[in-house]
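Down below is the structure, laid out as structure tokens.
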Amino acid sequence: MNAEQIEKIWEDVKKILETEIPVSSYDAWVEPLELIDYEDNQIKLLSGQAIAVEYLKKNHYPKFLEAFKQVLQKEVTVNFETDKETFDKIKKAKAKEEKKEERKAEKIQKKEEEHKKAIENLGYVQSMNLNLKYRFDNFVTDENNKMAKAAAEMVAKNPNAQYNPLYIQGGSGLGKTHLMQAIGHALIKNKKIQCVKSEIFINEYINSTARNKESNKSNLMNKFRQKYRNIDVLLIDDIQFFEGKKQCMEELFNTFDSLHIANKQIVLTSDRLPKDMPEMPQRLISRFEQGLVVEIQPPKEETRIKILKNIANTKNLTVPDSVFEYIAKNYKTNVRELEGAFNKVEAFASFEDTEITLDFAKHVLKCEERNELNIEKIAQEVSKHYGISIEDIKSSARSANISKARKITAFISKEYLKLKLEEIAKYIDKKHQTVIYACDQIKEKISKDNNLEKEVKEILSTLNL
Ligand code: ADP
Ligand code: MG
């Protein structure tokens, strides 16, 4: 029997004795005893004081026998010994060990606190440090996004849950985060708001549950709930990330209801409409739909030019109109990419210490080459890669190879060509939900499956992407 087992026996026995022996005697005489040996049904208990042994033998000996019998499930003899020197040595070693444990626990606690702070800070940055770039006054509108802006302004003016939730839907880079943060700016002085990306909400939630299990305290969870429920306005960005994460969706549902019942304003953004998130439970979808759902469509060309001109203005740059027009013509579906293209031209011009001209912009962006790509060409390369035909991709065949090729075609068309779901769906002759599912599946699988990642990379490189 090892020391640890012996220690455990003694701890169990002490637990029984604690209930049998008056507390003052127990604390003074029993608690300090050490079980130093257990062999051949002989227990050896060591004390530092002869008087303790005498007292216990005289007053409580049968209780010791009984307690050991209960723990060991057999009869043993209990012997008391007094040896101050050994006793002190053991105690000293134990104290040292305890100190070590204590220091270790302190270290862990410190780390946990740092971690907690980091999470809190992250939330703080998200909530309070709203990006000043995102305001109503620099959001350029046309008929494709004016409803969304008007709704956001309405909520910002009157966050009394009249439209609750406000649900802003739009493709990537179309200004959802911009509008949501603009609401935040408008309200931050007078309302208690939380603005959070879905990934952060999810991570914080998971961290609070995981750590709860360890420490058996509901502290972190309470704090988490306080943070998201004890507020006036909750802004959650990119709600589609919740899809399929069961417990997180449940937490979102409860958070939503608790705010909604209290008439607190909720604003959500997503790249999909509620009904296009098949793995969201119906009760969440119906809640998303119960306020006001506004869609943002890609801005028109003149709006894109205006956005670029605004950026040039704020940077004090003089740029010929032809450059704005060229970029606006070639970046139609994502304002982030539109801005990115302009920034790239500007950065290259500044590296090369040259003026921004149309030729220079063309040289940097090479849009013509990019524009030659279409879904047919993507399907061609993909089918070549998997040794199948384009007809296979468009067919309803479900064999693993064909199905994979079809999904990759959809994925590349959506992610790199920025084709609309409807166009991809039409090309592969499937429903647009099927395209969403296919793209999500490939995206997720690529992050886990090195082979698939390699295959897709090879196809992309043959397409010059
Ligand atoms: P999303 O959240 O929809 O992916 P963002 O809100 O992050 O898109 O917008 C991407 C970039 O495009 C941001 O820099 C944003 O300021 C800018 N942007 C998008 N739409 C507009 C617009 N209508 N007017 C001005 N800037 C815009
Ligand atoms: Mg966004």
* Loop trypsin sites (Lys or Arg not before Pro), the stretch 47-97 (other Cβ atoms within 10 Å of the site Cβ: 11 or fewer; DSSP) -> Lys74
* Given a 1.4 Å probe and every protein chain left where it sits, what share in percent of the accessible area of the chain is carbon and sulfur? -> 48
* To do: Rounded to the nearest 0.05, what FRET efficiency do Glu352 and Phe136 give with R0 = 25 Å and r taken as the Cβ-Cβ distance? Could you check?
  => 0.10
* To do: Obtain the nm distance between the two label points defined at Asn2 and Glu143 by a simple spin-label model: each point lies 7 Å from its Cα along the Cα-to-C-beta direction.
  => 7.8
* Asked: Cα centroids of the stretch 35-107 and the stretch 152-178: how far apart, whole angstrom?
  -> 69
* Loop-exposed GluC sites (Glu not before Pro) per DSSP, neighbour cap 14 Cβ within 10 angstrom, longest uninterrupted part of the chain -> 144-278
* What trypsin sites (Lys or Arg not before Pro) does the stretch 356-402 have in DSSP loop regions with at most 15 other beta carbons within 10 Å? -> Lys366, Arg398
* Structure fact -> As straight-line cross-link partners of Lys57, the qualifying lysines (C-alpha separation under 19 Å, not fewer than 8 residues apart within one chain) are Lys14, Lys15, Lys44, Lys69, Lys84
* Structure fact -> In whole Å, largest first, the alpha carbons of the stretch 128-296 cover along the principal axes 53, 37, 28
* **Full-extension gain in nm, Glu97 to Asn310, via 0.36 nm per residue minus C-alpha separation** => 70.0 nm
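Could you provide, to the nearest whole Å², the per residue accessible area of the stretch 391-465 with probe 1.4 Å?
On a per-residue basis, the stretch 391-465 sits at 59 Å².
Under 8 Å for C-alpha pairs, at least 6 residues apart: give me the relative contact order for the chain, rounded to a whole percent.
Numbers: 549 pairs, mean separation 52.3, N = 465.
Here the relative contact order equals 11 percent.
How high is the relative contact order of the stretch 124-211? Use alpha-carbon pairs under 8 Å, at least six apart in sequence, and give a whole percent.
42 percent.
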* Structure fact -> For the chain, inverting the pair-averaged 1/r of distinct alpha-carbon atoms gives a Kirkwood value in Å of 28.2
* **Centroid-to-centroid separation of the stretch 449-464 and the stretch 342-371 [C-alpha atoms, Å]** => 28
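Given the -39500 (n - 2.57) contribution per DSSP H run of 4+ residues, what per-residue ellipticity at 222 nm results for the chain, rounded to the nearest 500 deg cm²/dmol?
Calculated at 222 nm, the ellipticity per residue is -20000 deg cm²/dmol.
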* Would you list, by chain and number, the aspartates and glutamates whose Cα falls below 12 Å from the Cα of Lys197, excluding same-chain residues fewer than 8 positions away? => Asp237, Asp238
* To do: Sort the stretch 373-462 into rounded, prolate or oblate with this rule: let a ≥ b ≥ c be the square roots of the eigenvalues of the Cα gyration tensor; rounded if a/c is under 1.5, and if a/c is not under 1.5, prolate when a/b is larger than b/c, oblate otherwise.
  => rounded
* To do: Round to a whole angstrom and tell me the spacing of the C-alpha centers of the stretch 392-447 and the stretch 16-31.
  => 73
* Report the residues of the stretch 395-416 in range of a label on Ser461: point 7 Å along Cα→C-beta, backbone N strictly under 20 Å from it. => 408-409, 412-413, 416
* To do: Work out how much length Glu199 to Lys104 would gain on full extension: take 0.36 nm times their residue separation and subtract the Cα-Cα distance, in nm to one decimal.
  => 31.0 nm
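Which loop-located trypsin sites (Lys or Arg not before Pro) does the stretch 216-250 contain, where loop means any DSSP state but H, G, I, E or B and the Cβ has at most 12 other Cβ atoms within 10 Å? Working shown, then result.
Values: sites: Lys217, Lys223, Arg225, Lys227, Arg229, Lys245, Lys246; in loops: Lys217, Lys245.
Here the trypsin sites (Lys or Arg not before Pro) that fit, given the DSSP loop and packing criteria, are Lys217.
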* **the stretch 140-297: relative contact order in percent, alpha carbon pairs under 8 Å with at least 6 residues between** => 41
* Whole number in Å², please: accessible area per residue of the stretch 301-365, 1.4 Å probe, ligands, DNA and RNA not counted. => 56
* If the cut-off is a Cα-Cα distance under 18 Å, which lysines reach Lys426, setting aside same-chain residues fewer than 8 apart in sequence? -> Lys377, Lys394, Lys404, Lys407, Lys414, Lys418
* Given a Förster distance of 22 angstrom, what is the FRET efficiency for Lys366 paired with Glu302, based on the Cβ-Cβ distance and rounded to 0.05? -> 0.35
* Asked: Tell me, what is the per residue accessible area of the stretch 218-263 in Å², probe radius 1.4 Å?
  -> 45
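Want the number for His432 to Thr209: 0.36 nm per residue separation, take away the alpha-carbon distance, what's left?
76.7 nm
The values are calculated or read from the model by the stated rules, or taken from the named source; none is laboratory data. Please read these numbers as outputs of a predicted model, since none were measured by experiment. A quick note on method: Cβ atoms are made from the backbone with ideal geometry, for glycine too, and the neighbour counts reach across all protein chains shown. Just so you know, the surface numbers come from the protein's heavy atoms only, side chains and all, with ligands and any DNA or RNA stripped out. Shrake-Rupley method; radii C 1.70, N 1.55, O 1.52, S 1.80 Å.
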